[in-house]
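Below is one structure; the comments refer to it alone.
The values are calculated or read from the model by the stated rules, or taken from the named source; none is laboratory data. On a predicted model such as this, the values are computed, not experimentally measured, just so you know. Reconstructed Cβ throughout: ideal geometry from the backbone, glycine too, with neighbour counts over all protein chains shown.
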Amino acid sequence: MRICVFGAASPTIDPEYMEKVEALGKEMALRGHSLVFGGGGHGLMGAAAKGVKSGGGYILGVIPEFFGEEDVEIVYPHCDKLIEPETMRQRKQIMEDNADAFIVVPGGIGTFEEFFEILTLKQLCRHNKPIAIYNIKNYYSELNTLMEAAIEKNFVHENCRSLYTVTDDMQKLLEYIEAPVSNEFSVNELKEG
C-alpha cells in the first residue's frame, strides 16, 4: 500500500514527535508499505522518510521546485523517486493521486490544509481512501473537539465522523489504514446544501 504521510517540516519540535514518527515509518516499511510525502528532509516529514528507509521501504518525495530555489526546505536525500512540480497545488495533487491511504501526523498550517482537503474530497465522494490522524501527545485533541463542536452545531454532518479516525496508538492506526474501507455513504448523506 502507498501511504501518504502529511506532517511538520520544522526541525525545532520536541524530539518525542520525531521518534514516534520515525518508528511509524519503519513499521510501515516492515509491513510492506511505501511512503508518499512532501519530500522534506527535516521535521516529521524527514522522520517518516528516515523510518521508511531504515525498514527498507520505497519513498516517493514530492516537493515544489521553488523550495530548493528559495531555500524554503531541505529535500530528503534518499528518495527512490523525487518529483518537483511548480506549485503547491500540483504537489498535493501528485501526492493524493499516488496514495492509497493518508496518515496525518502533527504539523502546522500546511498539514492542517492537507488534512482538510483530503477530508473534504472524501466527504464529496471523490475518493474513498482511509484517513488516520496520529494523535501523538494529544496534539490533535483540540482539532477533534472542534470537529465535534461543528457536528453538534450542524456545520458538519454527523456521518463525517466515519470518514477518518484519530488515535495515539500506532498499531491501531496502521490496522485502520490496512482494513477494507467500509464507507457506504452517498454525498447527500455526508453533506447538506
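Of the numbered conditions (1) in contact (Cβ under 8 Å) with a residue 60 or more places away in the chain; (2) hydrophobic (A, V, I, L, M, F, W, C); (3) over 17 Å from Ser34 (Cβ atoms); (4) in contact with a strand residue (DSSP E or B) (Cβ under 7 Å, 6 or more places away or on another chain), Phe102 satisfies every one except a single condition; which is it?
Phe102 satisfies all of (1) in contact (Cβ under 8 Å) with a residue 60 or more places away in the chain; (2) hydrophobic (A, V, I, L, M, F, W, C); (3) over 17 Å from Ser34 (Cβ atoms); (4) in contact with a strand residue (DSSP E or B) (Cβ under 7 Å, 6 or more places away or on another chain) except (3).
What pairs come up if the first residue lies in the stretch 162-185 and is closer than 12 Å to Phe102 by Cβ and surrounded by 18 or more Cβ atoms within 10 Å (Cβ to Cβ), the second is modelled with pLDDT under 95 and among the polar types (S, T, N, Q), and their beta carbons are under 7 Å apart, counting only those six or more places apart or on different chains?
Matching pairs, first to second residue: Leu163/Gln123; Leu163/Asn183.
Just give me the residues in the stretch 21-34 being under 16 Å from Tyr134 (Cα atoms) and either touching a Pro at 6+ places or on another chain (Cβ under 9 Å) or not in a helix (DSSP H, G or I) (or both), in sequence order.
Val21
Tell me, which residue of the stretch 127-140 that is surrounded by fewer than 23 Cβ atoms within 10 Å (Cβ to Cβ) and over 20 Å from Glu178 (Cα atoms) is nearest to the chain's Cα centre (by Cα)?
Tyr139
When you go through (1) surrounded by 19 or more Cβ atoms within 10 Å (Cβ to Cβ); (2) in contact with a Lys or Arg (Cβ under 7 Å, 6 or more places away or on another chain) one by one for Asn98, which number turns out not to apply?
In the conditions (1) surrounded by 19 or more Cβ atoms within 10 Å (Cβ to Cβ); (2) in contact with a Lys or Arg (Cβ under 7 Å, 6 or more places away or on another chain), Asn98 misses (1) alone.
Quick check: is even one residue across the stretch 10-29 of a type in the set (Lys, Arg) and touching a Leu at 6+ places or on another chain (Cβ under 8 Å)?
Within the stretch 10-29, not a single residue is of a type in the set (Lys, Arg) and touching a Leu at 6+ places or on another chain (Cβ under 8 Å).
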